[in-house]
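The values are calculated or read from the model by the stated rules, or taken from the named source; none is laboratory data. Here the structure is a predicted model, which is why all the values come from computation and not from measurement. FYI the Cβ positions are ideal-geometry reconstructions off the backbone, even for glycines, and counts take in every protein chain you see.
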Amino acid sequence: MSNTEEPGSLLLDILKEAISIEIYGQEYYSIFADIVQEESASALFRGLAIDEGEHREIIEKEYERTSGNKADVDAMAEEYRKKARSIFPEPLQPMDITETKDVLELGIRTEERSIEFYSRGANRTDNKSVKKLFLKLTEIEKGHKSALEDALYYFEQDGSWYGYSPPTIEG
C-alpha cells in the first residue's frame, strides 16, 4: 500500500509492520523457551514471548482504533511464524551452551532492530496515541535488550543465569 492511496495509510502500514514484528518475536522466543536446556534461560525466553504477545494485542487495538477495522492478523501470523521457524533446523533439538549463546546474541540484535523500528515510527507520526505507544515500546524493547545482554554476560562468566521480570504496558 502506498502513502497516496488514502490518508493515514502510511501509519496503518507502520502499525501492521509493528504487529508483524511482535508476532515474529513471540514465535521466536517461544521456540527458544522450548529448546534451551537451562531452565533459567527457558524462563527468560518464555517471559519475552509473553511480552511480545501482549505488545501485539496493544498494537492491534491501536490499529483498530486508528483505522476503524481489524488487522488481518491471521495472515500476518502465519507468514511471520514461518519466517521465525525458518531459522531453526528440523527437528528442533535441545541447545548446548554455544548454541544458547548464539541465540542470546541473535535476540539482542533482534531487540536492537525493534528499538530502531519503534523509535523511527514514533518520529514519523503525528498521531499522539501511536507516538506514545511507540515511545513506550522503544523503552520496553531497550529493557528486553538489556535483559538479554545481562543474561549473556552472566552466561559467559560462568554459564549461570539470573531472574527476569518483564516490564508491562498499561493500556
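Taking Thr138, is it crowded, with 18+ Cβ neighbours inside 10 Å and at pLDDT below 90?
No: the conditions fail for Thr138.
Residues that are at pLDDT 90 or above, more than 16 Å from Glu17 (Cβ to Cβ) and not in a helix (DSSP H, G or I) do not occur anywhere in segment 49-57.
Okay, residues lined up against (1) assigned to a helix (DSSP H, G or I); (2) over 20 Å from Tyr28 (Cβ atoms); (3) over 14 Å from the mean Cα position of the chain (by Cα):
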position	(1), (2), (3)
Thr100	yes, no, yes
Leu106	yes, no, no
Glu112	yes, no, no
Ala122	yes, yes, yes
Asp126	no, yes, yes
Val130	yes, yes, yes
Thr138	yes, no, no
Glu141	yes, no, no
His144	yes, no, no
